[in-house]
Amino acid sequence: MMTLTHKPDYQGAGIVNLMATLINARGGHADQPELHRLPAAALEDARHLVLIVLDGLGSRWLARHGAGSRLAADCTAELTSVFPPTTASAVTTFLTGDAPQQHGLTGWFTWFRELGCVMSVLPGTPRYGGVGYAAAGVDLARLLEHRSVFTRVATPSVAVSPRWIARSDFNLAHLGGARLLPYKDLRQMFRRAARAIRRARAPGFFYLYWPGLDGIGHEHGMESDRALAHFQNIDRHYQDFLRTIAGTDSAVLVTADHGHLDARPGDLVRLEDHPVLADCLALPLCGEPRAAFCYLRPGRVDTFVDYCRSSLGERFDLYPSRDLLDAGLFGPGTPHPRLAERIGDYTLIARGRHLIRERLPTEGEFQQIGVHGGLSEDELYVPLCVART
C-alpha cells in the first residue's frame, strides 16, 4: 500500500498544469488540465508570456528566506514538481509540456536500453564518462521523440539559456523553432530577455532558465549564507527586469523545477558499505540519490527485499516500481514506451534527509550538501510568482 505523504499533483496544481495553461494561452492544445489557480483565460490578453525557471528555488525555502523580496511578494501559489523532483525530469517537463509518464526521463542517471548504457541524461554522456550523444552518432531528438513546447505554442518563441549549455545536445533537441539567446551571467540573462521583449513585433513566448541557485545549493547548502546572498541578487535583477519591460504588456511567471533539502554527513548511505545489497543489483543504481531505481539480478529479489527492509527500512521506503507507475506518481495517461525500463524493478525513496549513492570507479566522493529527488515538502513544492507589466 502506498504510504507517501506528499505526491505530485498532475490534475491542476503542478508544473505540468502550468505548462498546459501556457500552451493553451499561446494558441496551442495541451493534453493535461490547466492550472486551477491560473487558467489560460487569465493570460490570453497578455501580449507576451514570460516563463522564468529558477533551478532549485523551493516554495518552502522562499517562505523561510524571502521576506521582503519582490519574488515573495509576487508569489501567488504553491505548485508541485514532478516525480522525481529533479532537473532532468522537471526541466524536460518545462521544455515539452509533458509529465515524466510521457517524456520518459526519470532522473540524472537513466538506463537507456536502446543505447546499452546508463546515461547522465543532461550532459549526454555515459555515466562512466566519454563523449556526448552527437559525438557518438546519436540523434537525440530522434531517440527521445519529444514534442518541444516551442512547437506546441502558436506564437514566436525565444529561449534564453546559459551559454555553457545553450547548444548542448539536450538543449538543441528541445529547441523546436525557438530563437536561442545564450547568456554569460545573471545580469545578461535578464538584459537579453528584456531587449528581445521590447523589440518583439508580434506576441511571443519567452523562456528563461537560471541554474545558479541550484549549483550553490549543491555545493554549499541551501541554508548557507551564499545561497541567501545569491537569491537576493536574483531578486534585485528580477525587479530591474520588471522595470525594464514595463509597458510591454507582459505576464511574467517565475517558478522552479524542484526545491532542496540539506543533507548532513551521516545521512549518506554508501553502497560499498552494503555488499549484500550491491550483490543483488544487475546495474548501478539509477535515478537520484533520494529516489534510486534498482535493477535486480535473477534470483535475488527475496534477498534484496529482506535486506532493504531490515537494514535500510528506517531510512528508505521500498516500493515495486510498477506500483509507483500504477499509482500515477510519474503522471497520468499512456506511459512512454520505455518508461518501465527506466524505473527499474524496485525504487528506494528516502525518508528524512537520507540518500543512497553508488560510486563507480570513474567517480569521486559524493560531496553535495543540497540534494533533491525525494518527496519531502522542501523538494517537491515550488512557487508560482506572477507579475504583469
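The values are calculated or read from the model by the stated rules, or taken from the named source; none is laboratory data. The model shown is predicted, which means the values in this text are computed figures rather than measured ones. With ideal geometry, Cβ positions are generated from the backbone for all residues, glycine too; neighbour counts draw on all protein chains shown.
Here is a yes/no grid of residues against (1) within 18 Å of residue 295 (Cβ to Cβ); (2) surrounded by fewer than 17 Cβ atoms within 10 Å (Cβ to Cβ); (3) more than 19 Å from the chain's Cα centre (by Cα); (4) in contact (Cβ under 8 Å) with a residue 40 or more places away in the chain:
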residue	(1), (2), (3), (4)
111	yes, no, no, yes
129	no, yes, yes, yes
132	no, no, yes, no
137	no, yes, yes, no
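Restricting the stretch 165-208 to residues that are within 20 Å of the chain's Cα centre (by Cα) and of a type in the set (Ser, Thr, Tyr) leaves a set whose member that is surrounded by the most Cβ atoms within 10 Å (Cβ to Cβ) is 207. Does residue 344 fit the bill of being more than 24 Å from residue 279 (Cβ to Cβ) and in contact (Cβ under 8 Å) with a residue 12 or more places away in the chain? Judged against the criteria, residue 344 is not a match. The number of residues in the stretch 98-138 being in contact with a Lys or Arg (Cβ under 9 Å, 6 or more places away or on another chain) and farther than 22 Å from residue 8 by Cα comes to 8.
Kindly indicate whether any position in the stretch 329-340 is β-branched (Val, Ile, Thr) and more than 30 Å from residue 34 (Cα to Cα). No, there is no match, as no residue in the stretch 329-340 is β-branched (Val, Ile, Thr) and more than 30 Å from residue 34 (Cα to Cα). The single residue among 229, 256 that is buried (at least 18 other Cβ atoms within 10 Å of the Cβ) and at negative phi turns out to be 256.
Residue 232 passes every criterion in (1) closer than 25 Å to residue 312 by Cα; (2) at pLDDT 95 or above apart from (1). With a requirement of 3 or more residues that are of a type in the set (Val, Ile, Thr) and buried (at least 19 other Cβ atoms within 10 Å of the Cβ), none of the helices (runs of 4 or more DSSP H) lying completely within the stretch 263-349 satisfies it.
Summed over the stretch 262-316, residues that are of a type in the set (S, T, N, Q) and within 16 Å of residue 358 (Cβ to Cβ) total 1.
State whether the residues of the stretch 3-12 include one that is under 18 Å from residue 383 (Cβ atoms) and acidic (Asp, Glu). Yes, the conditions are met somewhere in the stretch 3-12. For the stretch 10-95, the helices (runs of 4 or more DSSP H) that sit wholly inside it and include 1 or more residues that are within 17 Å of the chain's Cα centre (by Cα), surrounded by fewer than 21 Cβ atoms within 10 Å (Cβ to Cβ) and assigned by TED's automatic domain parsing to the domain that holds residue 239 are 59-65. Taking the conditions (1) surrounded by fewer than 19 Cβ atoms within 10 Å (Cβ to Cβ); (2) within 19 Å of the chain's Cα centre (by Cα); (3) part of a strand (DSSP E or B) in turn, residue 147 satisfies each one other than (3). Checking each residue of the stretch 365-375 against the condition of being touching a residue at least 24 places away in the same chain (Cβ under 8 Å), touching a Phe, Trp or Tyr at 6+ places or on another chain (Cβ under 9 Å) and farther than 30 Å from residue 130 by Cβ gives at least one match.
Might you let me know whether the stretch 104-125 holds any residue that is part of a helix (DSSP H, G or I) and in contact with a helix residue (DSSP H, G or I) (Cβ under 6 Å, 6 or more places away or on another chain)? Looking for residues that are part of a helix (DSSP H, G or I) and in contact with a helix residue (DSSP H, G or I) (Cβ under 6 Å, 6 or more places away or on another chain), one finds none in the stretch 104-125, hence no. I'd like to know if the stretch 181-192 contains one or more residues that are at pLDDT 95 or above and within 21 Å of residue 27 (Cβ to Cβ). Within the stretch 181-192, not a single residue is at pLDDT 95 or above and within 21 Å of residue 27 (Cβ to Cβ).
Residues are listed down the side, and each one gets a yes or a no for (1) among the aliphatic types (A, V, I, L, M); (2) out of contact with any Ser or Thr (no Cβ under 9 Å at 6 or more places or on another chain); (3) within 30 Å of residue 132 (Cα to Cα); (4) modelled with pLDDT under 95:
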{"site": "16", "(1), (2), (3), (4)": "yes, no, yes, no"}
{"site": "37", "(1), (2), (3), (4)": "no, no, no, no"}
{"site": "42", "(1), (2), (3), (4)": "yes, no, no, no"}
{"site": "53", "(1), (2), (3), (4)": "yes, no, yes, no"}
{"site": "57", "(1), (2), (3), (4)": "yes, no, yes, no"}
{"site": "69", "(1), (2), (3), (4)": "no, yes, no, no"}
{"site": "83", "(1), (2), (3), (4)": "no, no, yes, no"}
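Going through (1) among the charged types (D, E, K, R); (2) touching a His at 6+ places or on another chain (Cβ under 9 Å); (3) more than 22 Å from residue 207 (Cβ to Cβ) one by one, residue 142 falls short only on (2).
Among the residues of the stretch 240-255, not a single one is without any contact (Cβ under 8 Å) to a residue 40 or more places away in the chain and over 30 Å from residue 43 (Cα atoms). Residues considered: 303, 362. Of these, the only one that is β-branched (Val, Ile, Thr), in contact (Cβ under 8 Å) with a residue 40 or more places away in the chain and not assigned by TED's automatic domain parsing to the domain that holds residue 97 is 362.
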